[in-house]
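What follows draws every value from the coordinates through simple rules; no lab data is involved. Computed from a predicted model, the values in this text were never measured in an experiment. Positions of Cβ are generated from backbone atoms using ideal geometry, with glycine treated the same way; all protein chains shown enter the neighbour counts.
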């Protein structure tokens, strides 16, 4: 059966103005097309996660691409058996991905990128390279690249502090950073260069683009996503993880076999009390993703 719902994700760092004017227009066009999800607007750009029928999404994208500086706005897509969002939100923010380091400007100084095919070739050949996961711990638990360095953060704003605790030797070595769709690395890369890292690369398009182009080679598990699918597998199909009703933490298939997991009641992460991080904070789709 043909999938009726398509999930689109995309971002672009570019100077945007008149955000208060564009916000209601975006709400109206999405509502008219039955599209749901989240669109974040900021002076530094746009970040979106939306879902709907293909024809409806094309109408929304046509409108977005008529906005100044967004004519070449690109998105990634994945299928869904049902609408993964409950409502449509358009928010104006200070940043399209909260980081809190003012001197970072991804539009003017982006991190150098490596394609999915090239990274796979490096890993196939065993080329010396450090993989750095820039995501939050609860995302990493669902899946990550084999052997990746995990900074153990619960919010992207904690990333600068975590970088300063990494082994100094990494500053002279090839480091490929990655996240869900690439947006966090757009800020993480330039920051690491400010910290003295000399050979930083960003996985272009993040894990989702890697799955799309080369599958799950060198990757263990699934990829956490910020919608009701919870995770997607290497084929970009809805994964096996579920969200705990109590603490809103992702629960992997293995964790669902744990006796402390009771569907729609409790999981191993909140059995002894709610964990810190996502379980105690309201996360808007798109603010901590891509």
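In terms of the ratio Rg/(2.2 N^0.38 Å) built on C-alpha atoms, what value belongs to the chain?
With N residues counted in the chain, Rg over 2.2 N^0.38 Å equals 0.99.
Once you keep just the Cα pairs under 8 angstrom separated by 6 or more residues, what percentage relative contact order results for the chain?
Relative contact order comes out at 18 percent.
Show that you can apply the helix-only estimate: for the chain, add -39,500 (n - 2.57) for every DSSP H stretch of four or more residues, divide by all residues, and state [θ] at 222 nm to the nearest 500.
-6500 deg cm²/dmol
Note down the Stokes-Einstein diffusion coefficient of the range 5-92 in µm²/s, whole number, using a Kirkwood radius over alpha carbon pairs, 25 °C, and 0.890 mPa s.
192
Connecting C-alpha atoms closer than 10 Å in a GNM of the chain, tell me which of 124, 133, 102 has the biggest fluctuation.
Most flexible of the set in this elastic network: 102.
Could the peptides 136-143, 46-53, 191-198, 254-261 be put in order, highest first, of the mean number of other beta-carbon atoms found within 10 Å of their residues?
Result, highest mean Cβ count within 10 Å first: 46-53, 136-143, 191-198, 254-261.
Give, to the nearest whole percent, the P(r) tail of the range 168-232 beyond 21 angstrom, counting all Cα pairs.
When all Cα pairs of the range 168-232 are counted, 33 percent exceed 21 Å.
Test of understanding: express the Cα radius of gyration of the range 116-238 as a ratio to 2.2 N^0.38 Å, with N the residue count.
Taking the Cα Rg and dividing by 2.2 N^0.38 Å, one obtains 1.00.
With the chain treated as a Gaussian network of Cα nodes joined by springs under 10 Å, which of 22, 122, 154 yields the largest mean-square fluctuation?
Top of the fluctuation ranking is 122.
Note down the relative contact order for the range 5-92 as a percent, whole number, built from C-alpha pairs under 8 angstrom at least six residues apart.
46
With the crude spin-label approximation of a point 7 Å out along Cα→Cβ, what separation in nm comes out for residue 274 versus residue 65?
4.2
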